[in-house]
Amino acid sequence: MKRAFFVFIVITLTTCQTVSADPISSLTDDQLSQIKQNCSRVKTTLARIHANDGLLRVNQGQQYETITTKLMAPLNSRIALNQLDGVDMVKTTVDYNTQLSKFRDEYRLYEEKLSNLLHIDCSNEPYNFYESIKPTRKQRARVAASVTKLNQLIDQYKSQLDTFYSKTFPTHKESPSNEQ
Amino acid sequence: MNNSKRRIINIYNTWRQNQFLIMIVSVIIVACTSVAIAMDIYNTSGAAQVDLSRPGFKEVRKQANRDTTPTSYQSDGKITKQSLDEFKKLYQDRQKKITQSSFDPSVLSDESLQIFSNNSDTTNNESTE
């Protein structure tokens, strides 16, 4: 009796495991048919998102590049040439450049995932299509996180600049120490 | 010994007779290899992602901003109040051009994409008609 119960438990667990491992089981037949029905509309939306993201990447990327190459780096260099303390700002610039490079990589991966998603025929492969949306969504979240971090570093640099400004030009003293 | 020598001579003669064909095939192989390497660099370097001349970007191509404003800050010179004020202005101008909340992941949610919506494509088409 005990053995029969044990065998029953083992069989039940194995079956449950098999069912959970079966990829098709995560979507019902009704959901699969809904994906097929909405296929062309979803694809049009995704294509529009793809195009808008490409534009956003170009325009935002241009601004991010300009901030580091044409603004942060020259100011850091100028501060160093004037033998003033701008270590915090240099550190932020290094972090910013690292983050910018991360943003480029994360976006590249996201774009690849989205392009692959657009190539899947959702009317014939609804399950594969749906499963490919998840990693694309995750990757988009990573891009968003790196953008947030970049924006934080831009704000951080600005507040460090304000501190530098108030240190170098205190309100009661008009000229800086090295300006003679 | 003679046989192998004759064979080498035969091969050489065949090569000489088909020199032009061999050149064409070699050129094609070199071109294909170069293109494959170039395409790989294009895709892996991230250049492809900022290339709006690709198909599918026709609609948005014109909206790409051309950066014409001179924003470069002088890397030499004294640090004065005016120079820092000038920097602050340039920096703030750039900061304003950045969209704060971009690449929102909820755009790809099931609800946003309306994947499981009951209004099928055919229903939508009918309603638009």
For chain B, what does -39500 (n - 2.57) per DSSP helix run (n ≥ 4), summed and divided by total residues, give at 222 nm, in deg cm²/dmol to the nearest 500? -18000 deg cm²/dmol
Looking at this model, which pairs from A:Lys70/A:Lys138; A:Lys102/B:Lys89; B:Lys62/B:Lys89; A:Lys102/A:Lys134; A:Lys138/B:Lys89 are more than 25 angstrom apart at the alpha-carbon? A:Lys70/A:Lys138; A:Lys102/B:Lys89; B:Lys62/B:Lys89; A:Lys138/B:Lys89
Please build a GNM for chain B, connecting alpha carbons under 10 Å apart, and tell me which residue among B:Ser112, B:Ser34, B:Ser75 fluctuates the most. B:Ser112
Working with all protein chains in place, sort B:Leu21, A:Leu150 by solvent-accessible area computed with a 1.4 Å probe, largest first. B:Leu21, A:Leu150
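State which helices in chain B qualify, where a helix is a whole DSSP H run, it must extend 30 Å or more along its own axis by its Cα atoms, and its mean Kyte-Doolittle hydropathy must be at least 1.6. List each step's numbers first, then the result.
Numbers: long enough: B:19-44 (37 Å, 1.82).
In chain B, the long hydrophobic H runs are B:19-44.
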When every protein chain stays in place and a 1.4 Å probe is rolled, B:Lys89, A:Lys43 sorted by accessible area with the largest first are B:Lys89, A:Lys43
Per-residue SASA entry for B:Met39, accessible area with 1.4 Å probe, Å² rounded to 10: 100
Area hidden from solvent between A and B (accessible, protein heavy atoms only, 1.4 Å, total, Å²): 6000
Taking all protein chains together and a probe of 1.4 Å, list B:Cys32, A:Cys39 from the most accessible to the least accessible. B:Cys32, A:Cys39
Kirkwood-based shape ratio for the stretch A:52-122, expressed as Rg/Rh from alpha carbons: 1.21
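The values are calculated or read from the model by the stated rules, or taken from the named source; none is laboratory data. Worth saying up front: this structure is predicted, and the values here are computed from it rather than measured. Each accessible area value is taken on the protein alone, full model and side chains, heavy atoms only, with ligands, DNA and RNA left out. Shrake-Rupley method; radii C 1.70, N 1.55, O 1.52, S 1.80 Å.
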